[in-house]
Structure formats: structure tokens, C-alpha cells
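What follows is a set of notes on a single structure, which appears directly below.
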Amino acid sequence: MNKICIVTDSSAQFLHPEIAERKNIHIVPLKLNSLAGPLDANAFNDLDPIRHHYSVPSTAPKAEAPGTDLFSETYQKLQSTSGTILSIHASGNACSVVANALEASEQFLGRMNIQVIDSQMISIGLGLIVEAAATRATRGENIDSLVRLVRGMIPRMYMVIFLEDLMYLERHALINRSQAILGNMLGIIPFLTVEDGRIIPMEKVRSRSRALEKIIEFVTEFSEVEQLVLLYEGEEAFAQANILSDRLKALYPTAPITILGYNPYLATFVGLGGLGVVVLEPEQEAL
């Protein structure tokens, strides 16, 4: 019963697909609903097979957080192997996952120690935090140490991403419809960032080449980088991600840099053709 179980949700993305299984991370699935009905539960693992669902923003899939009952079921199953759970989830400002996990955890008060943490991040940002916690858990660190680790990583994680279709911003009430239509007509490329768990518009540029420069400018605000992940969707964005990777490797030769196609959950916010970066700042630099 001394074992600590790590739980997250399927909005999390990992550097390698096998990480969750290898590190014994328990994943509570979100639902991905399209006009044709719910998509397969495995849809969260890979955007390519379902990318056609995202071609029209107004009818693109929507993510639905797992209900309290599903969290309760997960925690109940883990009770036989562990009395302690660290449940780390996507930003509570982006979806209701955290609220549902907290509500479910209250059913186990006095029976289990369940710590629910809002990562204030999505996609690979969440995945990096979860992986770090799982790695430490396998080393036998206690729950207080893991909570400190996670809470220490949250303010060191940064993300920006640009998207091609402003209708995705309108879909999430970040701009109005007339602004989205006009912006698309003018070829505006907006950036989104995650700030205190909120997905917000950052700034706009008029070309993808300028957008690439903005990503470089964003990253070079950090004197050191612990981990850097370039997120992309589509052939053009993949080619541009490789260009960015080469430039950033010259600037940060010791930092791990990964190029990763983003997952269907992030695509519900940015659609197709996006390109962005997640930066984990070193602990000493954040002090």
C-alpha cells in the first residue's frame, strides 16, 4: 500500500507513446465528440486518422471531460494496490477535468490520500509534468516530494502556438465572428499562449515566416532551457519545425529538443496546420 499511483487524463501528450505504459501512468479518457458521434477512445493518441474531422472549425470535434463517476471508478480500482494517488490534469480553465477529479476524490476521504493538481497546462506541457512525477514515484519518493516537484514545474512551463484559421478562436469565444472572418480575409496568423492555465490570444502576424521568427524570439527570452518541444500539424508545419529545431539547437546546444505532432485535444483549440513550442525553464533560472 506504499506505492503511489499517478493518474492523468487523455489530453496529456507524451514525448513517446509508450511512456504512459512503461511508467505505469493511469489515464482517464476524455471523450471526443464529432457530428457523426463519439470518436474511438484511442483517437486521442493520434490526430492523423481523424484530421478530416477538423477541416471545418464549426463542426470540428469537441472534447468532453470524464465525469465524476469515471474518476471514482479509476480511484476505486487503484485502492487495492495503493492508498496514495497523485492525480494531475489539464488546466481547469480549459475544461472541467480537475473539478470532476476533485469531486470524485472527496468520496475517498479517510480511506485514501488523493492529491488532485491542476497543471495549468495542456498537451505536452501536461505530459512532461506527469512523466516527471511518475519517474520520481518509481524511485520511491513520497507524496509530499512529488507534489512539490509538480508545483515547482508548473510556473516553469511556457507555451505559444500559432494557428491558421481564426474561426477556432471564435469557436472558443476568444474573438467574435466578424473579427474571425475579417482576420482570415486579411491572412492574419494569431498566436495563443497558456497563462495561469488560461488559453488566451497573444499577438498576430501577417505571414508564416514572421510567425517562425516570433517563435524564435519567444524562446530566446530564456537564457537557458531544460526541455524544448516543437508542436506541429501537417507537412508544411513539420518542415518549418525542423528549420526551427536547427536554429534553436545552435542557440541551446545542450537542451533536448523534440519535434512532435500535436494531439487531437490541442487540435480542438487550434485546428490544423498549427506550429508552436513548449519550453521548460530550468529551476535555477525561474528563481
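The values are calculated or read from the model by the stated rules, or taken from the named source; none is laboratory data. All values derive from a computational prediction rather than experimental measurement. All Cβ positions, even for glycine, are placed from backbone atoms using ideal geometry, and neighbour counts span all protein chains on display.
For segment 71-122, enumerate the residues that are part of a strand (DSSP E or B) and out of contact with any Cys (no Cβ under 6 Å at 6 or more places or on another chain). It would help to see each step written out before you state the result.
Filtering segment 71-122 for residues part of a strand (DSSP E or B) gives 84-89, 113-118.
Selection gives 84, 86, 87, 88, 89, 113, 114, 115, 116, 117, 118.
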- prompt: For segment 31-52, which residues satisfy the criterion of being modelled with pLDDT of 85 or more, closer than 22 Å to residue 18 by Cβ and either touching a His at 6+ places or on another chain (Cβ under 6 Å) or surrounded by 13 or more Cβ atoms within 10 Å (Cβ to Cβ) (or both)?
  reply: 32, 46, 47, 49, 50
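I'd like the residue in segment 205-251 that is assigned to a loop (DSSP other than H, G, I, E, B) and out of contact with any helix residue (DSSP H, G or I) (no Cβ under 8 Å at 6 or more places or on another chain) and, out of all such residues, is surrounded by the most Cβ atoms within 10 Å (Cβ to Cβ).
Step one: list which residues in segment 205-251 are assigned to a loop (DSSP other than H, G, I, E, B), which gives 206-207, 220-226, 233-234.
So of that shortlist, the ones also out of contact with any helix residue (DSSP H, G or I) (no Cβ under 8 Å at 6 or more places or on another chain) come out as 206-207, 221, 234.
Details: 206: 11, 207: 11, 221: 9, 234: 17.
My answer is 234.
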- prompt: Among the residues of segment 53-75 satisfying the criterion of being of a type outside the set (D, E, K, R) and over 24 Å from residue 274 (Cα atoms), which is surrounded by the fewest Cβ atoms within 10 Å (Cβ to Cβ)?
  reply: 67
task: Identify, by number, the condition in (1) under 27 Å from residue 32 (Cβ atoms); (2) within 15 Å of the chain's Cα centre (by Cα); (3) at pLDDT 95 or above that residue 273 doesn't meet.
output: (2)
